[in-house]
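For reference, the structure discussed in these notes is given below.
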Amino acid sequence: MSISYFILGCWLLNEVSAYQDRSCKPTSADILGPYYYPNVPRRRQICERDRAFHQQRHLLVEGRVMDETCRPLSGARIEVWQADADGHYLFKDMCRGHFYTQIRGNYAFLTLRPGKYSTDPTGRLFRPAHIHFRVVAPDHDILVTQMYFDGDSSLGVNDSCSTCSSDHPDLVVSTHEMCADESGKYCIDIAHFDLVLRRGSGVDVVKDVDDSLPELLDMAKEGK
Ligand SMILES: [Fe+2]
């Protein structure tokens with residue numbers, strides 16, 4: 001055995017044992033919500049047909065999809081959907097898309113920072129800004145969840161959705177700003193959001209729907 005094979009073998013053993021020693025907690029599930037549509041286009045720029053896209057705050061979301069031993073899952077299918085910057089869900093293909101994780105489980109997509117909307121009949125409480133995710137990988141349960149933003153005043157007990165998971169810290173991300181130059185005109189927010197899937201037979205890991213689903217469906221039909 002040459003020295004290079006010996007070194008490679010040691011490195012591989014080290015990698016394997018590193019994975020064996022690690023554990024990643026499955027990401028909290030959240031409700032699917034009434035605005036999900038299957039068969040959305042494959043793309044990494046979400047909301048691109050929104051007329052407001054070029055005037056709104058851009059957001060780059062990146063992260064990894066992993067299993068419970070923190071191994072990256074390549075080829076996982078991620079669907080995302082969200083409200084636009086004004087808190088409106090758009091129809092057909094707008095503000096929706098799907099893509100696949102790469103060899104190290106990495107993913108990234110460009111979108112707009114979503115706005116809030118209210119599901120509270122009194123209009124007092126709002127849903128915190130969020131992006132919906134549905135993640136599918138072979139031999140794992142399907143994860144349905146939502147990503148929230150820290151500092152949002154509508155998280156947790158202030159969320160108009162009483163059965164949503166905005167009180168789960170693993171679903172709340174912080175963002176940092178990156179600008180192309182000193183002018184401050186060309187800036188983007190960047191968020192990191194890792195997703196951990198539970199090993200299983202492919203059933204949906206999703207919370208029960210919200211009590212206000214009928215009202216939301218009415219709003220969806222009216223395009224609000
Ligand atoms: Fe939503």
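Filter region 99-154 down to the residues that are hydrophobic (A, V, I, L, M, F, W, C), in contact with a Lys or Arg (Cβ under 6 Å, 6 or more places away or on another chain), within 16 Å of the ligand (Cβ to nearest atom) and within 16 Å of ALA83 (Cβ to Cβ) and list them by number.
Scanning region 99-154 gives PHE126, ALA129.
Given THR69, THR111, THR119, which one is surrounded by fewer than 16 Cβ atoms within 10 Å (Cβ to Cβ) and either of a type in the set (Val, Ile, Thr) or without any contact (Cβ under 8 Å) to a residue 40 or more places away in the chain (or both)?
THR69
Are any residues in region 78-112 of a type in the set (Lys, Arg) and either under 19 Å from PRO128 (Cβ atoms) or over 12 Å from the mean Cα position of the chain (by Cα) (or both), and if so, which ones?
LYS92, ARG104
Being surrounded by 18 or more Cβ atoms within 10 Å (Cβ to Cβ), part of a strand (DSSP E or B), free of Cβ contacts under 8 Å to residues at least 40 places away in the same chain and in contact with a Leu (Cβ under 7 Å, 6 or more places away or on another chain), is that true of even one residue in region 145-155?
yes
Which of the following residues is in contact with a helix residue (DSSP H, G or I) (Cβ under 6 Å, 6 or more places away or on another chain) and modelled with pLDDT under 95: CYS47, CYS10, CYS95?
Exactly one residue qualifies, and that residue is CYS47.
Looking at region 77-87, is at least one residue more than 16 Å from the ligand (Cβ to nearest atom) and part of a loop (DSSP other than H, G, I, E, B)?
No, because not a single residue in region 77-87 is more than 16 Å from the ligand (Cβ to nearest atom) and part of a loop (DSSP other than H, G, I, E, B).
For THR163, only one of the following conditions fails: (1) exposed (fewer than 15 other Cβ atoms within 10 Å of the Cβ); (2) over 19 Å from TRP81 (Cβ atoms); (3) at pLDDT below 95. What is its number?
For THR163, the failing item is (2).
The values are calculated or read from the model by the stated rules, or taken from the named source; none is laboratory data. Keep in mind that what you see is a predicted model, and the values were worked out from it rather than measured. Because the Cβ atoms are built from the backbone with ideal geometry, glycine has one as well, and the counts that use them run over all protein chains shown.
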